Every structure is written in C-alpha cells, then in structure tokens.
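Written out below as structure tokens is the structure these notes cover.
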Amino acid sequence: MRTLSAAEKAHIIDRMSHSIVHTHLQGICLENIDGEELTLKLPYRKELVGNPETGAIHGGALTVLLDHTLGTAGICCDQIEPTITPTLDLRIDHLGVAPAGKDIFAVARIYKVTRRVLFAEGFAYCESRDKPIAKATGSWVLMPELRLSDLLLSTEAAAQQ
Amino acid sequence: MTLSDLIHHEPSASTLQRWLKKVPYATYLGISAEVHGNEILFILPEDEKLIGNPTLPAIHGGVVGAFMEQAAAFHLIAKMDNPVLPKIIDFSLDYLRPARLRDTYAQCTLTRQGRFIANVSITAWQEQSDKPTAIARAHFLIPEREADKAPAKFAGGFTG
C-alpha cells in the first residue's frame, strides 16, 4: 500500500470537512499534518460558550472537536486505506479550562491498528501543546466496506443538485 | 439573573428551560427539557446543522456526547440540595447505534453524589428507550462554596 503524502492527506481531509455539515458549520479546519499526526482547529465562537459567567468553551464542544479529530486521524494513518470509521467509544479527561476568546487545537494519532479496530489518542490545547486542556482516547471501528470515495462522491453530487 | 442565581430555583420544566437558555452552547444545539414526576427528560431536536454523516444521514457523534454531557450537568444541579455549578472532570461515552436525523432524548441517573465528586450515568435514545443510541458516564467536581470552607478537623488519620 502506498503511503499518502501530507498534501494528499490534506486534500482528502479538506474534501471530507466540506461534506460533514456540522463540523463545517463549526469552522473546524485543518491546521497541520505531521506524518501520522493530525492537528485540527476549532475557531472560538460565542455560541460555543458553556459557562456564561467565564466565557469558557462548553465541554461538549471539545467532545465534538476531539471525536472528530481522533476519528479523522485514521486518514493520516499509513497502515490503512482512507476510510470511514464510526466511533465505538471515547473518553475525555478535562484537564483545564479553554480561556474565553481563544481558538482550540486538537492533535491526534492512531497508535494501534487491528483488523477491525483503530485505537486513537489525542489532546486539545489553546496556547501551548505543553498545556493540554483535555486528553482523549478511544476506539474506532474499521469498516473498509464503507468507502470514503462513495461518501465524497454522494455529497458532491448532492451539492451540485 | 446569572445561571448561578437561577439554579437555586425549584427544578421545574420552566426553570430548567431558563437554565438552558443561559448556556449559549445548549441554546445553539437547541436542547430543551421536560419534567415528568421525578424524572427529567432532555431533548435534542432534529436539526440538519447537527449532521455528521451526510450519507445515512446521521447526527455527529460528538454532538450526541455534548448533549449527554449537558443533560448530566443539569440533572446533577436539579438533584443537589444546595445547587452549585459543577465542573466536568471526565466523560466516557459508548456509541451503540448511529443517531439518525430525528429527535434524540436523554435521561440521567445520579449514581453517586459525594461531598466533592458526583457520578452521573446518561442514556440517549431516539425512537425506543430500550434501544439506546449511546450510553455515557460523567464525573463532576462539586466546587466548595465559600461558606462551606470551614477548616477541616484532623482526626489523626482516616479512622474517624
């Protein structure tokens, strides 16, 4: 199996992010690809606030970002073909508070691949990678029969209608 | 009136609705709540902006998690004798079925409330409550209020 270049991975992730309504509306976008490590960005918006008294982002908005980033990290994994991977489970440790007004970055990678399961880990931070505000770990079901190209084609066809 | 003030009101359907309105993200997701006797039912209405898989179509799994976390927090506040705003410590979520593009419901159980920590379990479903879409467990930190911060008496170990 050929290893995709960072530019090819970025192209697939970019097309995916346009086809997934919710994360597209949230403005979640590609920040960086470093080998098999993926970084996505969630721009700060007032509607994401969970604590109206501090302006801190809702833990649930972090759940969306981390679920999405760890799941999408499968595209950057060189051991498998790009595919759709439903989340099996996800665990998030909230280590700090996302300060009001700051964009949030999520970093993820697949650390183990089996025939049917991808194990992923990642974290979210605001200002420094060394100060994560949340850590995440989870497993994703590997379903090669769900072809990513079909998803991308079907959404592009719908967009043209 | 701030959310901290509002949570001291009796947790009826209308006060829960006022709490939810104070949280911008809960308002954005469109979460509402109903009270049936002792039970609180949280509702995430069907909305195309929540789609995470356009081919099924299905609601983004992260959104289902976010909804369940918000439900757990307000369920906990509603069951507290002296309500304070809890802080999420960790959240563990098992996805059981895709969340289709329709209304999603959540109900919570306060499994254990200690002095500092609460454990809340959450079930989310769509058409049938016995076919859950996802189950989750959240731990919350219950911040000490200033009035409660009396100096602890050291009893010489944990025997007392």
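Coordinate-derived values only; no laboratory data. The structure displayed is predicted, hence computed values, not measured ones. All Cβ positions, even for glycine, are placed from backbone atoms using ideal geometry, and neighbour counts span all protein chains on display.
Dipole of segment A:6-160, Cα-centred, from +1 at each Lys and Arg C-beta and -1 at each Asp and Glu C-beta, to the nearest 20 debye?
Working: 15 positive and 20 negative charges, 47 e Å.
I would put it at about 220 debye.
Mind checking which of A:Glu127, A:Glu145, A:Glu31 has the largest fluctuation in a GNM of chain A, springs on alpha carbons under 10 Å?
Largest GNM mean-square fluctuation: A:Glu145.
Shielding of B:68-77 by partners, i.e. mean partner chain Cβ atoms within 10 Å per residue? Don't jump to the answer; show the numbers that get you there.
On the way: counts 2, 9, 4, 1, 1, 4, 0, 0, 0, 0.
Taking all residues of B:68-77 together, the mean is 2.
Put a dot 7 Å past each Cα toward the Cβ at B:Met80 and B:Glu144; how far apart are the dots in nm?
For B:Glu144 paired with B:Met80, the spin-label model returns 1.5 nm.
For the protein assembly as shown, count the residues as N, evaluate 2.2 N^0.38 Å, and divide the Cα radius of gyration by that value, please.
Values: Rg = 20.3 Å, N = 321, 2.2 N^0.38 = 19.7 Å.
So the protein assembly as shown has a normalised radius of gyration of 1.03.
Residues of A:42-50, mean number of Cβ from any other protein chain within 10 Å of their own Cβ, rounded to a whole number? Before the final figure, lay out the partial values.
On the way: counts 0, 0, 0, 3, 3, 5, 4, 6, 9.
Per-residue shielding by partner chains comes out at 3.
Where does chain B land at 222 nm, in deg cm²/dmol rounded to the nearest 500, when only DSSP H runs of n ≥ 4 count, each adding -39500 (n - 2.57), divided by all residues? Don't jump to the answer; show the numbers that get you there.
Working: 4 runs with 39 residues, N = 160.
Calculated from helices alone, the mean residue ellipticity at 222 nm is -7000 deg cm²/dmol.
Just to be sure I understand: with springs between alpha-carbon atoms less than 10 Å apart, which residue in B:Phe67, B:Phe140, B:Phe116 has the highest mean-square fluctuation in the Gaussian network model of chain B?
B:Phe116
For helix B:13-22, what angle does its Cα long axis make with the longest principal axis of chain B, in degrees from 0 to 90 and rounded to 10?
90 degrees
Report the Cα centroid-to-centroid distance between segment B:1-59 and segment A:38-74 in angstrom, as an integer.
18 Å
Considering only B:Tyr25, B:Gln107, B:His139, whose Cα is most displaced toward the positive end of the charge dipole of chain B, charges sitting on Cβ of Lys, Arg (+1) and Asp, Glu (-1)?
Highest projection toward the positive end goes to B:His139.
Please report the relative contact order for segment A:6-160, taking Cα pairs under 8 Å with a sequence separation of at least 6, and give it as a percent rounded to a whole number.
On the way: 307 pairs, mean separation 34.7, N = 155.
For segment A:6-160, the relative contact order is 22 percent.
Pairs of Cα atoms under 8 Å, at least six residues apart: use those to get the relative contact order of chain B, whole percent.
Numbers: 275 pairs, mean separation 32.2, N = 160.
The normalised contact order for chain B reaches 20 percent.
Kindly put B:Arg102, A:Arg45, A:Arg115 in sequence by how many other C-beta atoms sit within 10 Å of each C-beta, fewest to most. Please report the intermediate quantities before stating the final value.
Working: B:Arg102 11, A:Arg45 15, A:Arg115 6.
So the residues, fewest neighbours to most, are A:Arg115, B:Arg102, A:Arg45.
If you place +1 on the Cβ of every Lys and Arg, -1 on the Cβ of every Asp and Glu, and leave all else neutral, what size is the dipole of chain B about its Cα centre, to the nearest 20 Debye? Could you put the intermediate results ahead of the total?
Values: 16 positive and 17 negative charges, 70 e Å.
Value, rounded to 20: 340 debye.
Kindly put B:Met68, A:Met143, A:Met16 in sequence by how many other C-beta atoms sit within 10 Å of each C-beta, fewest to most.
Numbers: B:Met68 31, A:Met143 12, A:Met16 21.
The most exposed by this proxy come first: A:Met143, A:Met16, B:Met68.
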